[in-house]
C-alpha cells in the first residue's frame, strides 16, 4: 500500500501519503498514540516497540500510517482472524494484547486493532482515508469483512439512563452523536453487537460496539462468522 493524495481541513491543502509503517516510524507512532489517547486512557495501552515489531513482521499489509510533510500523524493496524459466535469479544483476547501473535494468514476477518489520528490533524479526513485503505486491503486479500470494536466515549455519561445497546441504536439513528461511533458510521461501518468489558475505558464504561464493513465482492457465510 502506497497512496499519495491531497487533503484539506477547509483552509489549506496539504500533500499526504498512506503507506505501510516501518521500524523508523516507531517513535512517531508512539507519540501519535500519546497525543490521541491522553489520561484517563491508560498509557500502558499505547504501542510499544515490541508490539510494533510484531505488526510489521507478522502482517505488514495491516500496518498503515498517514504521513504529512514527512511527519507520521496517524496510523491503523489490523490482523486476520477466523471468528464465530464463541470467539471472545474483548480487545486483549482478540488482538493478543496488541501483539497480534494470533494473526492467521488465512483468516477471513480483517480485525481492526487500533486507529488513531493526532488531534491537530483530525480535520484533514485522514481517519477516513486510512479506513478506506483498509477496506481496499480487505478486497485485495479477498477477506469477507472488516470488523473491530468501536469505543463509545459518549456512553459513560449516559450509562445510568440507557443500556449500551440503546445508546448504539440512538447514535446509529442520528439521535445522538458519539466521537468514535459517528465517525465509524460515516466511514460505512455498521453495528452488529455490543461487547462488555472490551477495554479499560472509563468514558465508554468499558463497552464497545462491534462495527462491521462487509466486502461487497464476496458472499458472507453467516454460519462461520458472527
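Taken together, the values in this text are just the output of simple stated rules run on the coordinates, not laboratory data. What you see is a predicted model; the values in this text were computed from it and never measured. A quick note on method: Cβ atoms are made from the backbone with ideal geometry, for glycine too, and the neighbour counts reach across all protein chains shown.
What do the square roots of 5 times the Cα gyration tensor eigenvalues come to for region 41-146, in whole Å, largest first, as semi-axes of the equivalent ellipsoid?
Listed largest to smallest, the semi-axes of region 41-146 are 23, 17, 13 Å.
Over the chain, what relative contact order in percent results from Cα pairs under 8 Å that are six or more residues apart?
19
Give me the distance in nm between label points sitting 7 Å out from Cα along the Cα-to-Cβ direction at residue 48 and residue 82, one decimal.
Distance between label points: 3.2 nm.
Which residue, 51, 35, 12, tops the fluctuation ranking in a GNM of the chain built on C-alpha contacts under 10 Å?
12
Looking at region 9-75, I'd like the Rg to Rh ratio, where Rg is from alpha-carbon atoms and Rh is Kirkwood's inverse mean 1/r.
Here the Rg-to-Rh quotient is 1.01.
Please work out whether region 2-214 counts as rounded, prolate or oblate from its C-alpha gyration tensor, where a ≥ b ≥ c are the square roots of the eigenvalues and a/c under 1.5 means rounded, while otherwise a/b larger than b/c means prolate and anything else oblate?
Because its axes are fairly even, with a/c under 1.5, region 2-214 counts as rounded.
Counting only C-alpha contacts under 8 Å and six or more residues apart, can you give the relative contact order of region 111-226 as a whole percent?
Relative contact order of region 111-226: 31 percent.
What is the order of 152, 13, fewest Cβ neighbours within 10 Å to most?
By the 10 Å Cβ count, ascending, the order reads 13, 152.
Which value at 222 nm does the chain reach when only helices count, each DSSP H run of 4 or more adding -39,500 (n - 2.57), with the total divided by all residues and rounded to the nearest 500 deg cm²/dmol?
-7000 deg cm²/dmol
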